[in-house]
Amino acid sequence: MKSKLLVLTVGTLLLAVKGHAQKTITRTFINAPLETVIRDISDSAGLTCATNAARFRKCSPVTINFTKVEVYQALEDACKKQPVSCRIEQEAIIVEPRDVKGRITDERGEPLANITVVSSGSNKHFVTRKDGRFTLYQAALDSFFDVSAVNYESQHIILDGSVWFNLILKEKVTIYGDSTGVTVCDGYNRKPRERATGSFGNIGLQQLIARPSPTLGPRLDGLVPGMVVFNTDIGLTSPLPAITIRGVSTLLANAQPLFVVDRFPYDGNLNQLNPNDIECITILKDAAASSIWGARAGNGVIVITTRQGKHNQGPRLSFSTQLTLLDKYNSRYLPLLGAASTLSLEDSFFHRGYYDVALLSGFGSVPPGAEILEQLRLGMIDSTKAASLLQALAGHDVRDDLDKYYYRRTTAQQYHLSLEGGDTQSRYYLSAGYDKINNGLTQGTQYRYSITSNYSYKPRKTVEINLGAALNQTGARNDIPFPGIAYTYAMLANPDGTAAVVNRDRPQVWKDTQVLNGMPDWSYRPLDELSLRDDSLHRLQTRLFINLAYTVVKGLKLQIAAQNLVENTTHTTRYPIASYAYRDLYNNFSYLHGFGIASLVPQGPMEDIQQTHYRATNIRGQIDYNHNWPDNKWELTAVAGAEIARTTADTSRGRHYSKTVNFDTLYNMYEALLPPMALPGKPYTREAFDYFRSYFAIAGLALHGRYMMTGSFRIDQSNFFGARTNALTQPLWSAGMKWRFTNEPFINISWLSEASLRTNFGLSGNIDKSLSALLTTTPPVINQYGAETRTILNAANPNLQWETSRLFNIGLDFQFSKKRFSGTVEYYRRFSKDLLNNEITRTTAGATPYRNNSAALRGHGVELQLNVRLPLGKCQYNGSLLLAYTTNKVIHTDTSKQKAIDYLDPSAGNLLVGRPSDALYALHKAPLDPANGDPRAYLQGEPSNDYPAILNGPRDSLQYMGHSTPPWTAAISQSISYYGITLSFLLIGRFGYHYRQSSMDYHGFISGTKLPHPDYDNRWQQPGDETRTTVPSFPAIIDPFRDQVYGYSNVLVKKADNIRMREVKLSYMLNEKIGKKAGLSGATIFLYGANLGILWKASHNSLDPDSPSAMPLPKSYSIGLSINL
């Protein structure tokens, strides 16, 4: 009976609810509160509304029209896109929060599993599934939710009514001595970035993979304020990029920052590293950040962390490939006098007798134009023939031949395959890469093979083992240098396409005469050399790493780590007997033998071989301590340990002939004007050994999450300073503080999300490995008198010591408007002393120059970084501005050079107190002499053409032109994303510096050291021309001092300020649903352009201010694809 009654009651209720639900609603609402709409529907349907006003606080106004719509449908339509939903239960409308759902991926678009998502208030939490999705049940009305995971930056998401979120987690970065939600690693430990008191910059994975360069240098430019990268060539065997961090803190010692790879200093070739294997890069800029690296960190530290794999991630296979095309070198970039004007210039030199000695003796090069004039003078040809020959030369431009036979478009191919993943106990990363570059010079190729493996395993909760191995092989073949051509009209090919003869080293007429007398062919044919030269470079590097960690008790960990890096380099240049290098050497060492000619150079090919074996071994032991007090008000972290580093570098080089030769005997040369000489290429071996021993300690104390204090101390000892025991050791230290004032209870600024003030001070150092406290020399050689001689490489200096830099830094970090805007402002001062500098050498010292710790610099700078992240509907806008200023001045130097000429060449390293270390000086030019067009400069306030007196005049007469490197640097990056399409660009500006452009150098041209300059066409030729030109006349007598006075004059110094388009990129990330259908978890395709041109510059000539005397980097265009399985 009871059961029947229950069924009847439930049935009656259901019928009642169904009856109410089937009622229809006909109403119109315009911009009405959702609560009003729901209550109106409930009243019309005869239902009650079981809710309160708090449920509707995040709901949007409703504009809707109902025409005979059932109650259920009306409620569903009204709550559409609202954070609440409605249901009917027991004649009542129940309003309840919706579920919050979403998907979490990494920066590559890969779903992240096992990510913890916690909602506010009710502690609703969820762990993401394998596909990265999560659900927070009935959480839409909560205030916020937090996302956190190991190795990723946490996110704090404000709930504003949205119920679906696509979140991208950034991986944590690492630097020493500081931390905050992001982790920072200095190579010793990791800690939260919020507690960092030092100054650092981060380059994340997305920024690294955004640029397709096969080398690391081009991927660093314009990404960190205060860091400037020069020479961003993509070549695998190109010179390493010159990188400065906050200007310079040294003069003649190593000015490059210290590189740290996976916790250990890296002294190998930077181009060996495959950038695709790098997870993140941290730049340590101040004392608190870099002093822990001691005597090698004075120029800053770049900490590189390779990819390690991730815990709790299934196997992920990734493949990427890029193709890069570079424009051909612009052969007409460097100023070169036209062919007709060059012949006119040669005619002037010829009729003044400047080629007579070379034509008579065969000693020295003579251009074809002068040889034609000589043939005319000797009656070998008539004037008509001479004019015809000269006219043919005037119609040719060697740059056309260079474009046809030498230059081509550079192509670079990259392929990279990786596998990574992990579980709760282990993680792994394995990759293989192949890069190939066809150089911009014909027949030149470069390649690199790379294999990287990292593995981490926790056999027990208290034990962790990290293993790493990397193998990189780089090589190059036939990287042909620019042919030695000193005249514009040279022909590389004859009309029939065969290789043409180009004058070199000696007059061609003289060479032809010797060949008629029985000498082997002596002609130089550059096109033949392209196929005859066989030049190869091979570099193999292996790097092994191990780290063992044992947790003794909670908060106390012991670690021991070791690294072994071996790099072997072999550079071989082979000269077949048909090559010019072999024939020239063979003929120079020829002598009459019976009725013929023989040579001391054996018949057969020869080769030059240079081999370098470099090994670096590092072992480090350290103790990590971390303790939180029970009330969580205090937290102490500390690291202490010791490290030893041993490096050896063995170099051998020499020439191998087809037979054994005597390198110590002096032989008479074929040309009697030359002194007796030994056969070149005597084997040479050099061994270098470095030993470092270091002790270090780092500590950090945090109180209430608002006040942080850090300190570090390090002692370095090195065998470089072995002459005095006290000089062996260098103590270094730093101390810093940070105040997160937005965490103070008395500061409540709604729009300011985060702000902190930090400051630090410390001492770091630098070292020059080319020096020693002891006397070092080259191996003995036999001079022309038969005596054994040595060249002093390093004079004995018992007072040699470390260079040191004291650095003070203060910075403000801020985030506001829900972290849409963020930035940093920093100011620093640096004092560097005991800097190595050249001194005047006493004649009894036996070496010149003498390098000693005799200079000091004081500098300062400002850095600003502003970041913007704005959601614009379905678009996402990201932007950043980097601005930096750095300068210094010399406050002490023992250099006593007083002559003006000593300071005109910046590479001489001579300094003036009170001026920057990169100061550019010039002579104050006076108007050209109206009588003869000679250059003049002011001497004691009056125009003078006493050139020796001007150059040897007092240094106070010099005009200071400004910096030769940019004190101001700026970078502006912008990107906008729409669904999976992203367009971005980067502008780079450099300001406040100058360069010296070239001009006509008559002495340099006749001596073969300078090419003829087009300024020759604008030279002074008659009285009155001094009012229209500053280019001197053709000299009556060739005087090198005359050319120097003009070449170092202020009229040739130009402003170098410029703004250039560094890069533009368009990328598309494949839609997730489409990717899944194709079996992909992610895919991206991109188009990329770099070095796209100068948008503005202060000078009005055709030169690139950053490459006034060399060809600038050509424009490059790339296309790439990356897929994840």
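The values are calculated or read from the model by the stated rules, or taken from the named source; none is laboratory data. Remember, it's a predicted structure, so these values are computed and weren't measured experimentally. Don't worry about glycine lacking a Cβ; one is built from the backbone with ideal geometry, like all the others, and counts go over all protein chains shown.
Conditions (1) in a helix (DSSP H, G or I); (2) surrounded by fewer than 16 Cβ atoms within 10 Å (Cβ to Cβ); (3) touching a Pro at 6+ places or on another chain (Cβ under 8 Å); (4) hydrophobic (A, V, I, L, M, F, W, C), marked per residue:
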residue	(1), (2), (3), (4)
66	no, no, no, yes
82	no, no, no, no
87	no, yes, no, no
96	no, yes, no, no
117	no, no, no, yes
Test: residue in segment 895-916 that is closer than 29 Å to residue 825 by Cβ and of a type in the set (Val, Ile, Thr): no
Unique match (being more than 30 Å from residue 1111 (Cβ to Cβ), in contact (Cβ under 8 Å) with a residue 24 or more places away in the chain and buried (at least 16 other Cβ atoms within 10 Å of the Cβ)) among 473, 541, 559: 559
Candidate set: segment 946-956, residues that are surrounded by fewer than 17 Cβ atoms within 10 Å (Cβ to Cβ) and either in contact with a strand residue (DSSP E or B) (Cβ under 9 Å, 6 or more places away or on another chain) or touching a residue at least 40 places away in the same chain (Cβ under 8 Å) (or both); chosen: the one nearest to residue 860 (Cα to Cα): 955
Residue tally, condition over 12 Å from residue 1032 (Cβ atoms), without any contact (Cβ under 8 Å) to a residue 60 or more places away in the chain and of a type in the set (S, T, N, Q), over segment 995-1019: 2
Filtered residue count, segment 877-909, keeping only those that are at pLDDT below 90 and within 28 Å of the chain's Cα centre (by Cα): 5
Residue check for residue 484: touching a Gly at 6+ places or on another chain (Cβ under 8 Å) and outside any helix (DSSP H, G or I): no
Contacts under 6 angstrom Cβ, first residue in segment 378-393 being without any contact (Cβ under 8 Å) to a residue 24 or more places away in the chain, partner assigned to a helix (DSSP H, G or I), 6 or more apart: 381/375; 386/372; 386/376; 389/372
Residue match in segment 598-606 (condition: closer than 23 Å to residue 444 by Cβ and crowded, with 20+ Cβ neighbours inside 10 Å): yes
Set 1118, 1122, 1049, 1067: member being surrounded by 18 or more Cβ atoms within 10 Å (Cβ to Cβ), closer than 24 Å to residue 324 by Cβ and in contact with a His (Cβ under 9 Å, 6 or more places away or on another chain): 1122
Unmet criterion (only one of (1) in a strand (DSSP E or B); (2) closer than 30 Å to residue 679 by Cα; (3) not hydrophobic (A, V, I, L, M, F, W, C)) for residue 660: (1)
Scope segment 1014-1053; condition touching a helix residue (DSSP H, G or I) at 6+ places or on another chain (Cβ under 7 Å) and of a type in the set (A, V, I, L, M); matching residues: 1031, 1038, 1045
Top-ranked residue of segment 159-184 - restricted to ones that are modelled with pLDDT of 75 or more and in a strand (DSSP E or B), ranked as farthest from residue 873 (Cα to Cα): 168
Any strands (runs of 3 or more DSSP E) falling wholly within segment 249-330 and containing at least 1 residues that are more than 25 Å from residue 543 (Cα to Cα), touching a residue at least 24 places away in the same chain (Cβ under 8 Å) and of a type outside the set (D, E, K, R): 313-326
Tally, over segment 562-590, of residues that are in contact with a Leu (Cβ under 7 Å, 6 or more places away or on another chain), surrounded by fewer than 17 Cβ atoms within 10 Å (Cβ to Cβ) and of a type in the set (S, T, N, Q): 2
Matching residues in segment 674-711 - criterion: being among the basic types (Lys, Arg) and either in contact with a helix residue (DSSP H, G or I) (Cβ under 6 Å, 6 or more places away or on another chain) or in a strand (DSSP E or B) (or both): 686, 693, 706
Residues (surrounded by fewer than 22 Cβ atoms within 10 Å (Cβ to Cβ), under 15 Å from residue 767 (Cα atoms) and modelled with pLDDT of 85 or more) located in segment 693-726: 693, 715
Some residue of segment 213-222 being of a type in the set (Gly, Ala, Ser), assigned to a loop (DSSP other than H, G, I, E, B), free of Cβ contacts under 8 Å to residues at least 60 places away in the same chain and out of contact with any Leu (no Cβ under 8 Å at 6 or more places or on another chain): no
Complete set of residues in segment 504-535 that are out of contact with any Ser or Thr (no Cβ under 6 Å at 6 or more places or on another chain) and assigned to a loop (DSSP other than H, G, I, E, B): 507, 517, 518, 519, 520, 521, 522, 523, 524, 525, 533
Whichever residue in segment 241-270 is buried (at least 24 other Cβ atoms within 10 Å of the Cβ) and touching a helix residue (DSSP H, G or I) at 6+ places or on another chain (Cβ under 8 Å) and, among such residues, is nearest to residue 887 (Cα to Cα): 258
Filter result for the condition that a residue is part of a helix (DSSP H, G or I) and among the aliphatic types (A, V, I, L, M), over 1074, 1037: 1074
Residue in segment 674-692 that is farthest from residue 612 (Cα to Cα), counting only those that are under 30 Å from the mean Cα position of the chain (by Cα) and buried (at least 16 other Cβ atoms within 10 Å of the Cβ): 692
All positions within segment 735-767 that are crowded, with 21+ Cβ neighbours inside 10 Å and part of a loop (DSSP other than H, G, I, E, B): 740, 767
